[in-house]
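I have placed the structure first, in the form of structure tokens, so that the comments after it can refer back to it.
Coordinate-derived values only; no laboratory data. Keep in mind it's a predicted model, so treat the numbers as computed, not measured. Neighbour counts run over all protein chains shown; Cβ positions are idealised from the backbone, glycine included.
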Amino acid sequence: MESQMIRPGHLTAHQTARVLGIGLPAVRKLVQRGKLARSGGTERQPWYPAPDVAALAAKRAAAKVA
């Protein structure tokens, strides 16, 4: 379930997974590996900074092309 109240400039875990084209377990792995940092929310419903997610998505897209 997605959070109803989220700060501007942040994405929920579900939104982050959608943007990156991955599942929620993969989002958790990115956090564990230090490639993505939480910036709010709760332990069960974390938020991620939208610019960080966009940068990671661009990096993943560039890696697919190369």
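Points to keep in mind about this one:
- The helix-based estimate of mean residue ellipticity at 222 nm for the chain, built from -39,500 (n - 2.57) per DSSP H run of four or more residues and divided by its residue count, is -15000 deg cm²/dmol to the nearest 500.
- The relative contact order of the chain, computed from alpha carbon pairs under 8 Å that lie at least 6 residues apart in sequence, is 35 percent.
- Dipole moment magnitude, nearest 20 debye, the chain about Cα centre, only Lys, Arg, Asp, Glu C-beta charged: 260
- Alpha-carbon Rg/Rh ratio, for the chain, with Rh computed the Kirkwood way: 0.96
- At full extension, ARG60 and ARG18 could sit 13.8 nm farther apart than now, given 0.36 nm per residue minus the alpha carbon distance.
- Counting only whole DSSP H helices of the chain, the ones at least 20 Å long by C-alpha along their axis and with mean Kyte-Doolittle hydropathy no lower than -0.5 are 50-65.
- Most fluctuating residue given options ARG28, ARG44, ARG18, as computed from a GNM of the chain linking Cα atoms under 10 Å: ARG44
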